[in-house]
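First comes the structure, then the notes that go with it.
The values are calculated or read from the model by the stated rules, or taken from the named source; none is laboratory data. Since we're looking at a predicted model, the values are computed, not measured. Every residue, glycine as well, gets a Cβ built from its backbone with ideal geometry; the counts of neighbours run over all protein chains shown.
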Amino acid sequence: MDLFTHLIVPFAILTLLKLRDFTIKDRLAGGFGGISIDFDFILVLIGFISPELFIFTHRGITHSFVFGLVTAIIFLYIISRPRVYGLINDLIKRDIKVEFSWKSVSLAYFGVLIHLFLDFLTTGGIPLLYPFSLIRFSANLYYYTDLVTTLVAIVILLVLYLRLDPKYKKIALTGFLVMLISFGGIRAYEKIEALESQTLNDGYTNITAYPTSDMFSWTMLESNGKNKYRVFTYNTLNHTVANLREVNSLSIKNGSYESAQNAIKYANTLPEVKKFRWTSPHTAINATSTSTGWNLTFYDFVGNHYGAREVTVHVEKNRNQIKY
Ligand SMILES: [Zn+2]
């Protein structure tokens, strides 16, 4: 989900909740919490310089229950400094002042939790339980971002910015939440439709569906539970299959299976391979034996994430690795 949506959703929920009267400052704190953890792009450089620290990436460390809280506290601390909000206030001609208090931190964390839930619904997933586990959780329902949602979110922000009757602002916020939930409902329905339209044959036993930017188009992945995959795009409106391809999880050229396995075992300990495998849940390997060792190309055969599509390493016969 985009930054605008992450700002609006917690703000909207706190505005529309009839449980207590949240002031504009309280609602803003929720919105700020909502955007805080996407400022992780600042950390991307760390993960880039040092591949061992691959958790320092977008949708990495800050997208967890523990570090989400840490990030919200830091963000709220910074934005509640008079110099910082003063500058923003001057720029946008509105008062965005929030307190740095237990209450606002709690509301900001509420914003974080909403953010984590929304990003959990998108493809790729997030490491919710980090530092206890690196597993990425994903419902694979929405695509990373949705153009229509982003554009509508910008319009809603404009409505919030303008000095309108609060009644209209509430209508806009309600409409936005209804739109998001409807898109989720349609996507869930289409996903089930895409899965139920398939019949497994040729030894394939499992099937999963991944969202694309088009809610009627799904990337389907069939597996035989061992080493073979079939990938294609299924359109739920026209019932058409496109881009069908079969993939072996390991293809070997020239060398023996055992020798390739040993080289892969070694390569799996290398930070750049670990990093690639973490971002790419579906990795296949092309292994080519050369006079000096093995060329191993790890590639993502589903290709529904951002970042590198493949990484190649050379494992020398004496196991000293050279990077390409
Ligand atoms: Zn995010």
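Can you tell me which of (1) farther than 30 Å from Arg277 by Cβ; (2) under 23 Å from the mean Cα position of the chain (by Cα); (3) free of Cβ contacts under 8 Å to residues at least 40 places away in the same chain is the one Phe11 doesn't meet?
(3)
Identify, please: which residue in the stretch 113-123 is more than 10 Å from the ligand (Cβ to nearest atom) and touching a residue at least 24 places away in the same chain (Cβ under 8 Å) and is, among those, farthest from Ile35 (Cα to Cα)?
Filtering the stretch 113-123 for residues that are more than 10 Å from the ligand (Cβ to nearest atom) and touching a residue at least 24 places away in the same chain (Cβ under 8 Å), the one farthest from Ile35 (Cα to Cα) comes out as Thr123.
Consider Asp26 carefully, then state whether it is out of contact with any Gly (no Cβ under 6 Å at 6 or more places or on another chain), assigned by TED's automatic domain parsing to the domain that holds Pro131 and in contact (Cβ under 8 Å) with a residue 60 or more places away in the chain.
Yes: the conditions hold for Asp26.
Can you confirm whether the stretch 131-150 contains a residue that is within 16 Å of the ligand (Cβ to nearest atom) and of a type in the set (A, V, I, L, M)? So that I can check it myself, show each step before the final result.
Initially, the stretch 131-150 is screened for residues within 16 Å of the ligand (Cβ to nearest atom), giving 136-146, 149-150.
Pick out the ones that are also of a type in the set (A, V, I, L, M) and you get 139, 141.
So far as the stretch 131-150 goes, yes, one or more of its residues are within 16 Å of the ligand (Cβ to nearest atom) and of a type in the set (A, V, I, L, M).
Working only within the stretch 32-74, note down all residues that are among the aromatic types (Phe, Trp, Tyr) and more than 13 Å from the ligand (Cβ to nearest atom).
First pass over the stretch 32-74, keeping only residues among the aromatic types (Phe, Trp, Tyr): 32, 39, 41, 48, 54, 56, 65, 67.
The answer is Phe32, Phe48, Phe54, Phe56, Phe65.
Restricting the search to the stretch 291-324, which residues are at pLDDT below 90 and among the hydroxyl-bearing types (Ser, Thr, Tyr)?
The answer is Ser291, Thr292, Tyr306, Tyr324.
Just to check your reading of the model, which residue among Thr240, Thr233, Thr219 is exposed (fewer than 15 other Cβ atoms within 10 Å of the Cβ) and not assigned by TED's automatic domain parsing to the domain that holds Gly124? Break it down stepwise before answering.
Numbers: Thr233 fails: exposed (fewer than 15 other Cβ atoms within 10 Å of the Cβ); Thr219 fails: exposed (fewer than 15 other Cβ atoms within 10 Å of the Cβ).
Within the list Thr240, Thr233, Thr219, the selection yields Thr240.
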